[in-house]
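The values are calculated or read from the model by the stated rules, or taken from the named source; none is laboratory data. Because the structure is a prediction, the values reported are computed rather than measured. Cβ atoms come from the backbone with ideal geometry, glycine included; neighbour counts cover every protein chain shown. The accessibility values were calculated without ligands, DNA or RNA, using every heavy atom of the protein model including side chains. Shrake-Rupley method; radii C 1.70, N 1.55, O 1.52, S 1.80 Å.
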Amino acid sequence: MIGVLGSGSWGSALAIHIARVEHVMLWGHNEDNIKTIQETRYNPRYLPNVQYPENIIATSSLEKLVAQCDQLVFVVPSFALLDILKQIKSFGKKDLAFINATKGLEHDSNHFFSEMIDELFDSPVQAVLSGPSFASEVARHLPTAITIASKNERDAKSFLPLFHHHHMRVYLNSDPIGVQLAGTYKNVIAIAAGISEGLGFGFNARAALITRGLAEMTRLGVSLGASLETFLGLAGVGDLTLTATSTESRNYRFGKFIGEGLTKEEAFEKVFQVVEGANNVINMKALGERQGIELPIVAEVYKILTENLDPKIAMINLLERSAKSE
């Protein structure tokens, strides 16, 4: 049985996909939500009109899931992942395998979660899953291509049977740091693109933000030892393009609400889901400062969300930067 941790839209979508080939135990902390899934086979809050297969067991007991599952798929908010990993460590189970589909860094230490897993567990089998993939489309079995990344090719391949089937195609990658960074950074650029849309700036501005955001992401990633090719692939430009161009993206919607004049709190309430980019921007700004890398778009989104900078002024700041070679 495969354990999927996180019963929101993305966790549920992956559980539904995996359930086509394996039995799945799906964990969530909200007992009412878990009870609804188990009793009705539906999750009206996150995936309305999508039926959960009968071979998905929903539970709110993390200890029960770990006791019955050896392969764990993490799809929880980034702010919760470290605490969950520590709980799993306390159960004392050996030989667990981890694949992380959470997009973000550890909030306090700014460490990548692959690094945290290596620190907490003894030579764990682990990989990272990322790429352009809206949960609603995966849950409805629409064609999707993703990346599984690990420093150890054998580890990456061990997770292939869970994902590489039916309507999902998987590409292997040996750069987990680059894949994790891309999955985090694209959320910030998606907020910026949404803000631009909310301000009524049009497609030209959005294309510029995506292109220059990719340049920022790549500069920072390469400085951390990531591969340039990662940012030109599914986890980089692929996920960035999807997330920064559609209202299906919660980060894009959040930014659009900000651009339309809503406060951060009002935008959070309207999106009604975790907006990872709002936390990711803090991580990316700190990483950029540590690496000595200039990140203009991140800097302006940070000011909008933490210093209440007027979004129009932020966009003017970007436009008025001195001319440079591309």
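The table that follows gives values for the structure above.
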quantity: For segment 275-297 versus segment 217-270, the gap between their alpha-carbon centres in whole angstrom; calculated: 12 Å
quantity: Net charge dipole size for the chain [Lys, Arg +1 and Asp, Glu -1 on Cβ; Debye, nearest 20]; calculated: 480 debye
quantity: Distance from segment 1-29 to segment 177-204 (C-alpha centre basis), Å; calculated: 28 Å
quantity: For the chain, convex hull of alpha carbons as volume per residue, Å³; calculated: 125 Å³
quantity: Relative contact order, percent, the chain [alpha-carbon distance under 8 Å, six or more residues apart]; calculated: 14 percent
quantity: Cα-projected label distance for Leu319 with Ala67, points at 7 Å along beta-carbon direction, nm; calculated: 6.2 nm
quantity: Share of carbon and sulfur in the accessible heavy-atom surface of segment 233-288 [1.4 Å probe, %]; calculated: 55 percent
quantity: Karplus-derived 3J(HN,Hα), 6.51/-1.76/1.60, for each residue of segment 133-143, Hz, glycine and proline x; calculated: 7, 6, 4, 4, 6, 4, 5, 9, 6, 8, x
quantity: Label zone at Arg290, where the point sits 7 Å out along the Cα-to-Cβ direction: segment 85-112 residues whose backbone N lies under 13 Å; calculated: 105-112
quantity: Virtual spin-label span in nm between Leu172 and Arg20, 7 Å along Cα→Cβ; calculated: 2.2 nm
quantity: Candidates per GluC sites (Glu not before Pro) in segment 49-140, loop by DSSP, up to 16 other Cβ within 10 Å; calculated: Glu54
quantity: Neighbour-limited loop hits for trypsin sites (Lys or Arg not before Pro), segment 47-113 (at most 15 other Cβ within 10 Å; DSSP other than H, G, I, E, B); calculated: Lys93, Lys94
quantity: Compactness relative to 2.2 N^0.38 Å, alpha carbon Rg of segment 210-326; calculated: 1.08
quantity: FRET efficiency estimate (nearest 0.05) - Cβ-Cβ, Phe203 to Asn152, R0 51 angstrom; calculated: 0.75
quantity: Förster radius 56 Å - calculated FRET efficiency between Thr40 and Asp122 (Cβ-Cβ, nearest 0.05); calculated: 0.90
quantity: Long-range HN-HN contacts of Ser227 with modeled amide H, under 5 Å; calculated: Gly178
quantity: Cα centroid separation, segment 126-169 to segment 45-90 (Å); calculated: 17 Å
quantity: Under-5 Å amide H pairs with Ala58, H placed in peptide plane, nonlocal only; calculated: Leu26
quantity: Per residue, in Å², the accessible surface of segment 183-246 once ligands and nucleic acids are set aside, probe 1.4 Å; calculated: 34 Å²
quantity: Positive-end residue, the chain charge dipole about Cα centroid, Cβ charges, pick of Thr241, Gly3, Ile313; calculated: Thr241
quantity: Contour excess over end-to-end distance, with Cα ends at Lys94 and Glu31 and 0.36 nm allotted per residue; calculated: 19.9 nm
quantity: Burial ranking of peptide ranges 206-217, 186-197 (average Cβ count within 10 Å, highest at the top); calculated: 186-197, 206-217
